[in-house]
Every structure is written in structure tokens, then in C-alpha cells.
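Contents: one structure, followed by commentary.
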Amino acid sequence: DAFAALLAGERRQIKGVLRDQAVIAGIGNAYSDEILHAARVSPFKLAASFDEEQVTHLYEAVRETLRAAVERAHGLAAGQLKAEKKSGLRVHGRDGEPCPVCGDTVRSVSFADSSLQYCPTCQTGGKPLADRRLSRLLK
């Protein structure tokens, strides 16, 4: 219920809401990509537009993604954490590689300060998301 309440008033894209430390602390760029992939949700979907079932599914993806990350990191020395984190990521940082779930090509959208990776088949009904920075260059 608390998670649903966090999303209900948000008129922003879910990717930004998940990364906003004032809303949910501890989820950064990489894990937000992973959570959205696990939940099969477009990073551009508006947070307030989720129905009850979608909120539940997203919440479960948050819990499972972060639980698995903590489990993988348990007992590792600080110098090993980054390599272990990358090895557990399915879409983040894997632009151009096949999606481990469906085999489609993982794609990337760039912003001024970061980028996101996603699978079109798993998350956007097969439609590639527009990369505004690239779109401006093509005009």
C-alpha cells in the first residue's frame, strides 16, 4: 500500500521516480533498469498510470532485484563488488547484446547526464524508444 501511494501522485516517468532518492532511497540508474526489465515495464511509463496489478508486479520486481543483488554481494570485499554487480545485470550496460529473456537486442536511450538500457520486446511491445539526443542529430 505504501509503495502504491508513492506512485499514485507521481506524474513523472517511472524510471525517474525509481531513481529519485527522495522517493525511494537506494535505487540508482543500473538497478532501475533491471527492475523495469524484470517487471516488463517501459521506463517512460508514467508512474501514476499503474493499475493495482502493475503496482504489485513492479513492487515484487523491486524486492526481488534488490534481494538478489544483496545476496550476490554478501561476503565480497569492496574491490570485488563492481565486477559482481555487472555480472548480475541483464540489461544495464549491455546495449547491443541479446536480451537474456527473449533474445532481442538490448537498446539504449541517452540523456544529458545518463542513459538507460531496455529490451523492446520485453518492455515496450517491440517498439524502440526514441533517443532524443540522436533524433536531433538525424534531422
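What percent do you get for the relative contact order of the stretch 1-138 when only Cα pairs under 8 Å and 6+ apart count?
In percent, rounded to a whole number, it is 21.
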Relative contact order for the stretch 1-82, counting Cα pairs under 8 Å that sit 6 or more residues apart, in percent: 32
Principal axis dimensions, the stretch 68-127 - Cα atoms, whole angstrom, descending: 40, 29, 16
Gyration tensor (alpha-carbon) shape descriptor, the stretch 27-105, a/c threshold 1.5: oblate
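Tell me, what are the semi-axes, in whole angstrom and largest first, of the equivalent ellipsoid of the chain as set by the roots of 5 times the Cα gyration tensor eigenvalues?
One finds semi-axes of 22, 21, 15 Å for the chain.
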Karplus-derived HN-Hα couplings along the stretch 113-126 (A = 6.51, B = -1.76, C = 1.60, θ = phi - 60°), whole Hz, x at Gly and Pro: 10, 6, 9, 10, 10, 7, 10, x, 5, 6, 10, 10, x, x
Residue-level accessible surface for residue 59, protein heavy atoms, 1.4 Å, Å²: 100
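How far, in nm, would the chain grow between residue 81 and residue 112 when pulled straight, counting 0.36 nm per residue and subtracting the alpha carbon separation?
My answer for the length gained is 8.5 nm.
The values are calculated or read from the model by the stated rules, or taken from the named source; none is laboratory data. Everything quoted here is computed from the prediction, not taken from an experiment. For the accessible areas, the whole protein counts, side chains as well, though only heavy atoms, and no ligand, DNA or RNA atoms are used. Shrake-Rupley method; radii C 1.70, N 1.55, O 1.52, S 1.80 Å.
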